[in-house]
Amino acid sequence: MEPVKYLPNLPKWLNIGLAFPIIILNGWLLIQLINYFQPLVSVVSVAILLAFILDYPIQILQKRRVTRNLAILLVLLLSVIILSAIVVILVPLILEQLNELANLLPYWIESGTQQIEALQNWASTQQLPINLSGLANEILGKISSQLQSFTGKILGFALDTIGNLLNVLITIVLTIYLVLNGEGLWDGIYLWFPKNMAKKVRELLREDFNNYFIGQATLGAILAIAITLAFLALRVPLSLLFGLGIGFFSLFPFGTGIGIAIVSLLVALKDFGLGIEVAVIGVAIDQINSNIVAPRILGNLTGLNPVWVVISLLIGAKLGGVLGLLVAIPLASFIKDIADTWRNGEFNKSAVDSDYIQEA
């Protein structure tokens, strides 16, 4: 029998070139697999995410010498109370204001057109070489169709989500199960990792996801409350919807600026001066939140280069839509930490330390 002939060592660039199409194929297969098992993938992902978040206050209570079972019971009861209050109080108000926005939008578009015409008339009296009428009508027409379509989709999505109670109930039940028994489940999963990797992977995964979501949720809540109160003081129409909308956008990198821009544009259609005030107030509150509050809560959150942040968001949106956008950054941060740990040889150190402890 002839001995097996192995391929000679190939150059590094050739290995990378050969691996690239395999990576692309695996990525495409992953997208197909996720789409095939929807909405199961989304239900499981949301449940795992909620379990990660709920585990944070449970750990805080345990550090205060509260037994785990009692801590779980207290956190779950508090979560049920908060969720019930949101469903009973906030959700009807948000849906009502979304419906109101859809009805008011045509009138605001007309008001915006009139304001531009007034500006055009003023420019004509001042003999300024400005012609805004044709361009404004075209832009406002496109804005009108896009905003009405966007608002309708949001309203329809909200109603569909509330109407699909089965997935919501499954997500809640699975979240409770993961909170109660998730520790054993994760222990079983980490057994498949090499001993020198399991502990470090577990620490990094918990740190990246907990820090990101707890920090972002806290900052988003602070921003939403502050902006909503400021809008109420300015008597901005649909203050609750706009304030909570900006807070929701802040959960995504670069989302706060997009949210403020959209809200300012909408308000400016009704009243240009008020739209400017909304933009200024929104940016000011966001700067305070980002430069004073955020460093105290988050510190150096991910350590990711902005280019990788954008790439991660694009991939996350492609794979999982809104949910993919939410988990893209902490997952990318986790991959970066694993790569840094591997490069620094810390996994090998963990293995040596483990062997030393066993011999002792």
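What follows is calculated from the coordinates using simple rules that are stated; it is not laboratory data. This one's a predicted model, so the numbers in the text were calculated from it and none came from an experiment. Virtual Cβ from ideal backbone geometry, glycine too; neighbours counted across all protein chains shown.
For the pair the stretch 36-76 / the stretch 188-208, the C-alpha centres are spaced 18 Å from each other. Once the C-beta distance of ARG68 and ILE23 is scaled by a Förster radius of 41 Å, the resulting FRET efficiency is 0.50 to the nearest 0.05.
Remark: spin-label model distance PHE193-ALA102 equals 4.6 nm, labels positioned 7 Å along the Cα→Cβ axis.
Averaging the sequence gap over all C-alpha pairs within less than 8 Å and six or more residues apart, then dividing by the number of residues, gives the stretch 173-260 a relative contact order of 20 percent.
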